[in-house]
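The values are calculated or read from the model by the stated rules, or taken from the named source; none is laboratory data. Bear in mind the structure is a predicted one, so any value in this text is a computation, not a measurement. Neighbour counts are summed over all protein chains in view; Cβ atoms, including those assigned to glycine, are modelled from backbone coordinates with ideal geometry. Heads up: the accessible areas ignore ligands, DNA and RNA and are worked out on the full protein's heavy atoms, side chains in. Shrake-Rupley method; radii C 1.70, N 1.55, O 1.52, S 1.80 Å.
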Amino acid sequence: MRMGSCLAGSVAAVVAVRLLLLPAASLAQLQVGFYNTSCPNAEALVRQVVTAAFANNSGVAPGVIRLHFHDCFVRGCDASVLLSVNPGGGRTERVAAPNFPSLRGFEVIDAAKAAVERSCPRTVSCADILAFAARDSVNLTGNAFYQVPSGRRDGNVSSEDEALDNLLGPNSTAQVLIDGFLKKGLNTEDMVVLSGSHTIGRSHCDSFLFKNRERLANGTISPAYQALLEALCPPTTGPTTLIRTDMDVSTPTVLDNNYYKLLPLNLGLHFSDDQLVRNATLAPFASAFAANETLWKEKFAAAMIKMGNIEVKTGTQGEIRLNCSIVNPSSSAAEIEMLMFPSSTSDAAAAEEVATS
């Protein structure tokens, strides 16, 4: 990585100070080291699985970060996005248009949960595992480590309609972005900071192709860049078109501030990305982060922690899911055991299964 261990230490130190400045109510809900006694190796087990999967496919990292973001913006950070079945009936978040077919990383969280369950049964929530995995993904791609306050509980409802109502799309205007983040307790700077996660990962043709034709007409996208996108994406592009492209044309696998440097060059992939340099309120933030990568990484880590505290369930709220994709049954212990992951599978084997999928 381009950034050394000194930067990682600096980021962690700055974030630790900012944690102390969070409202007391926030600190009372979650805490760093929540599992120190009940499952002291929880974070290490998650890190092992994520690292093994990332070694085989670097796309795991942006997928998991986005999975965490999409979880927190719908019903709070309660792992509702992981549910494949809604006990109350109806379609889940996973199949909502902003999530399907683009959302990925589910198998990584499942493997991490399997490893943790074998070591500490019925102790660590899927919501916390997802938050740990997102942090590990940030560290693997950007060498920026931060402590994750934990103690979240898992929800038992997942709604396609709520995902459609709360998730912001790639064609969102600056005001829609600002308002959408404010609704979740995140300010304008947080929005610009977290948008920088688009410096890694890929996006499907349907999310940018047609809106970018409008941008070409008004001169807000590079003609050469749009020509490359037109050549990549078929004329029949639609919601189920699986062709993707890197969101950062220069350093697509490194979590850095290059995203912000590309925007003034009209090389932002999405209309929503381009809005950061067109809006008078947002542009100064984007400019500052383009000029100072250390500043952006410090703020990114702090914003990830802040986002991870959105509408969390704690204490006796929710549950500790045994299987991240379904809620716990209210039936016999034997049936509950059937939902748990086989104890015969080793942690290494689980990680390898993810890495090769």
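Can you tell me which residue within the range 228-258, out of those that are among the hydroxyl-bearing types (Ser, Thr, Tyr) and more than 20 Å from residue 54 (Cβ to Cβ), is nearest to the chain's Cα centre (by Cα)?
So the residue we want is 245.
Of the helices (runs of 4 or more DSSP H) that lie entirely inside the range 153-200, those containing 3 or more residues that are out of contact with any Leu (no Cβ under 9 Å at 6 or more places or on another chain) and farther than 26 Å from residue 249 by Cβ span 160-166, 174-182.
Being open to solvent by 50 Å² or more (accessible area, probe 1.4 Å) and closer than 30 Å to residue 327 by Cβ, is that true of even one residue in the range 188-206? Checked against the condition, which is being open to solvent by 50 Å² or more (accessible area, probe 1.4 Å) and closer than 30 Å to residue 327 by Cβ, the range 188-206 yields no hits at all.
Just one residue in the set 60, 74 is crowded, with 24+ Cβ neighbours inside 10 Å and over 14 Å from residue 310 (Cβ atoms); that residue is 60.
Among the criteria (1) farther than 30 Å from residue 145 by Cβ; (2) in contact with a helix residue (DSSP H, G or I) (Cβ under 9 Å, 6 or more places away or on another chain); (3) touching a residue at least 12 places away in the same chain (Cβ under 8 Å); (4) not aromatic (Phe, Trp, Tyr), the one residue 216 does not fulfil is (3).
Looking across the range 81-110, the residues that are in a helix (DSSP H, G or I) and either among the acidic types (Asp, Glu) or open to solvent by less than 10 Å² (accessible area, probe 1.4 Å) (or both) come down to 81, 82, 93, 107, 108, 109, 110. Only one of the listed residues (169, 180) is open to solvent by less than 20 Å² (accessible area, probe 1.4 Å) and among the small types (Gly, Ala, Ser). That residue is 180.
The residues on offer are 137, 119, and the sole one that is hydroxyl-bearing (Ser, Thr, Tyr), out of contact with any strand residue (DSSP E or B) (no Cβ under 7 Å at 6 or more places or on another chain) and open to solvent by 50 Å² or more (accessible area, probe 1.4 Å) is 119.
Residues in the range 40-54 that are in contact (Cβ under 8 Å) with a residue 24 or more places away in the chain and assigned to a helix (DSSP H, G or I): 42, 43, 45, 46, 47, 48, 49, 50, 51, 52, 53, 54. Could you tell me whether the range 305-312 includes any residue that is assigned to a loop (DSSP other than H, G, I, E, B) and either touching a strand residue (DSSP E or B) at 6+ places or on another chain (Cβ under 6 Å) or among the aromatic types (Phe, Trp, Tyr) (or both)? Checked the range 305-312: no residue is assigned to a loop (DSSP other than H, G, I, E, B) and either touching a strand residue (DSSP E or B) at 6+ places or on another chain (Cβ under 6 Å) or among the aromatic types (Phe, Trp, Tyr) (or both). Looking at 263, 269, just one residue is out of contact with any helix residue (DSSP H, G or I) (no Cβ under 7 Å at 6 or more places or on another chain), farther than 24 Å from residue 133 by Cβ and touching a residue at least 12 places away in the same chain (Cβ under 8 Å), and that residue is 269. Looking at the range 234-247 only, could you name the residues that are closer than 20 Å to residue 59 by Cα, surrounded by 13 or more Cβ atoms within 10 Å (Cβ to Cβ) and of a type in the set (Val, Ile, Thr)? The answer is 241, 243, 245.
Against the definition (touching a strand residue (DSSP E or B) at 6+ places or on another chain (Cβ under 8 Å) and either within 18 Å of residue 325 (Cβ to Cβ) or touching a residue at least 12 places away in the same chain (Cβ under 8 Å) (or both)), how does residue 77 come out, yes or no? Show your work before the answer.
Numbers: touching a strand residue (DSSP E or B) at 6+ places or on another chain (Cβ under 8 Å): no; either within 18 Å of residue 325 (Cβ to Cβ) or touching a residue at least 12 places away in the same chain (Cβ under 8 Å) (or both): yes.
Spelling it out, it is not the case that residue 77 is touching a strand residue (DSSP E or B) at 6+ places or on another chain (Cβ under 8 Å) and either within 18 Å of residue 325 (Cβ to Cβ) or touching a residue at least 12 places away in the same chain (Cβ under 8 Å) (or both).
Of all residues in the range 83-114, those being hydrophobic (A, V, I, L, M, F, W, C), in contact (Cβ under 8 Å) with a residue 24 or more places away in the chain and under 21 Å from residue 58 (Cα atoms) number 6. Within the range 216-233, being exposed (fewer than 11 other Cβ atoms within 10 Å of the Cβ) and within 28 Å of residue 61 (Cα to Cα) holds for one residue alone: 231.
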